[in-house]
Amino acid sequence: MTKAILVALREYHENLRTKTFWLGIFFFPIVLLLSIAIPKWLEGQKEVRRFSVVDRTGWLASKVLEDANLPDLEAILRDVRRKAASGEIDEAWPGEVKALAVALVDFPDEKIREMARALAQAQDVLALHPDALDSLPPALRQKVENDLREFRSWWRGLSSEDARGLESVELARQKYEYVPVPESAEDPRAWAEAAIARGDLFGWFEIEGDPVSGEGRFLYHTRNLTDGNLKNWFQRHVNDVVQTRRFLAQQISEDVVRRIQAPLVFAETITGKDGKTRTAETRDKAGQFLPVAFVYLLWLSVFMVAQMLLTNTIEEKSNRTIEVLLSSVSPLQLMGGKIAGIAATGLTVVSSWLVFFLLIVKVGLPLFDIRPPFDLGPLLANPLYIGSFIAYFLLGYLLYAGILVGIGSVCNSLKEAQNLMMPVSVMLMLPLFAMFPVVNDPNSALARVLSYIPTLTPFIMMNRAAGPPSTTDYIFTTVLLLVTIVLVFWAAAKVFRIGILMTGKPPRVGEILRWIRAPIGSIPARGDD
């Protein structure tokens, strides 16, 4: 045991002195941070899609643009209400928006929707819905009336560029900007085409005929057919307006139409450990899917560290370092020391990754002005996730380390190891294919069955952590995994003691199986299979 520990310390110190170790430490967090920051930066560089509408119906375009404001206004009011309830008013909101915070705290969704509709239709909120502010004290009621008028003025003057500064909500105005056709334009079509040629417009819509009956010309002009977001967005609102007009043509009032089209929304709830039910929040949904991130990190860690062991073994065998080491230690001591030393190296890398991951959430995201809708820290620091990750990293590494150290001992180069690595690579890919089916239903029959396949157990059980699995599943899968690791180590030791000093043509699979079946202490003669 003392010699095995010395070998492990040697492996650990040797790895710490290599560039690969430090690249492994810093490469992943840097790539992770860039993968978050670069798409956000690229999205911010995407130009606002400016468009015009040549509307010969005289009513459709104005109604569509009015209705298109409704989702944006509702999203802003809901976000202000949510932040006011949590006491976290966004500093990016202007004073006209912050002023509504106190009044909106206790507003139900229906009142929020009515208020947004009145604002979108450029009508007086109280004239359209006289009972909208009945729940407020008289003094506060008067203040809210004034705040709503100021809010509407702010909204009317809000440009697309300014709207992009409101990062806590996703607004259509951040992406699309309507440019009216100048009254002085003698030929609107010619003006729109010239504007596209100059780059002032991304596209323009032409509406001619009767959209209610579906007869006429409805065209979308653009030079970029690969980006259909503007067309789809405008077309969706046109269809909503036209459907409402078709109802009105059948003598059905707009209020009845609105009630007919009003969706029925089921509020999601979650039952806590105390047995109490509460409304599910965004953080609860994120907590259900967070194990996917841990599984990917676990897969990457096991694959990287086990591959490090394979490379290290083949390299020392090819340069004859193994022969020098075996003059002082036994093959079993050497194998155990190498596995333990690489495990310590991998654990150091993985622990560093976890620390960097928390730093990215706490420091990196604010540095790039990325604001998650809630604090990710408590979720990432969940003891269940962290404990499961470290435990399954060690168990998964030991399982695959036993397999790869056996492969590395019989190969003289990485090229020779590629053929034997193919089945192992397939085994390592299966957990990635099962990630989302398992996280969607972590306690399903499929998830439980996959948990009892030892080569998948570390990844599937980590993936099921949000379930969480039953205590029975934890116990039996862990016992089965430990038994499998012992058997793999037993077989790997028998292969390692023979293959580590072997040179020349690598053995075939049948010959390796004979080594495993052979009694301890004997060395089977090589022969043709």
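The values are calculated or read from the model by the stated rules, or taken from the named source; none is laboratory data. This one's a predicted model, so the numbers in the text were calculated from it and none came from an experiment. Glycine also receives a Cβ, built like all others from the backbone with ideal geometry; neighbour counts cover every protein chain displayed. Accessible surface is based on the protein model in full, side chains and every heavy atom, while ligands, DNA and RNA are left aside. Shrake-Rupley method; radii C 1.70, N 1.55, O 1.52, S 1.80 Å.
Here the accessible area is traced with a 1.4 Å probe on the protein chains. For the chain, carbon and sulfur cover 61 percent of it. Positive end of the dipole of the chain (Cβ unit charges, origin at the Cα centre): among Ile403, Leu446, Tyr176, the Cα lying farthest that way belongs to Ile403. Here the average projected area of the convex hull drawn through the C-alpha atoms of the range 1-127 stands at 16.4 nm².
In sequence order, the range 234-248 has phi-based couplings of 5, 4, 5, 6, 4, 4, 4, 5, 5, 4, 5, 5, 5, 5, 5 Hz under the Karplus curve 6.51 cos²θ - 1.76 cosθ + 1.60, θ = phi - 60°, and Gly or Pro positions carry x. With the convex hull of the Cα atoms taken as the outline of the range 417-529, the averaged projected area works out to 8.6 nm².
Across every direction, the projection of the convex hull enclosing the Cα atoms of the chain has a mean area of 35.1 nm². Per residue, the chain exposes 53 Å² of accessible surface when a 1.4 Å probe is rolled over the protein heavy atoms with every protein chain present. Sorting 335-345, 234-244 by their mean Cβ neighbour count within 10 Å, with the most densely packed peptide first, gives 335-345, 234-244. How big is the charge dipole of the chain about its Cα centre, in debye rounded to the nearest 20, if each Lys and Arg gets +1 on its Cβ and each Asp and Glu gets -1 on its Cβ? So the dipole magnitude of the chain works out to roughly 2580 debye.
For the range 152-205, the dipole from Cβ point charges (+1 on Lys and Arg, -1 on Asp and Glu) about the Cα centre works out to 200 debye, to the nearest 20.
Are there chymotrypsin sites (Phe, Trp or Tyr not before Pro) in the range 1-85 that DSSP marks as loop and that have at most 13 other Cβ atoms within 10 Å, and which are they? In loop regions of the range 1-85 (DSSP not H, G, I, E or B), the sparsely surrounded chymotrypsin sites (Phe, Trp or Tyr not before Pro) are Trp59. Taking a sphere under 12 Å around the Cβ of Thr222 and counting the other residues whose Cβ falls inside, with K and R at +1 and D and E at -1, yields a net charge of +1. With the alpha-carbon atoms of the range 175-228 aligned to their principal axes, the span from lowest to highest coordinate is 35, 32, 18 Å, starting with the largest. Each of Leu310, Tyr296, Ile25 was placed along the dipole of the chain (beta-carbon charges, centred on the mean Cα), and the one lying farthest toward the positive end is Leu310.
Solvent-free Debye calculation, one equal scatterer per alpha-carbon of the range 171-315: log10 I(q)/I(0) at 0.22 Å⁻¹ equals -1.34. The spacing between the range 287-331 and the range 55-89, judged by their C-alpha centroids, is 55 Å. Relative to the longest principal Cα axis of the chain, at what angle does helix 414-433 sit, 0 to 90 degrees, rounded to 10? The angle comes out near 40 degrees.
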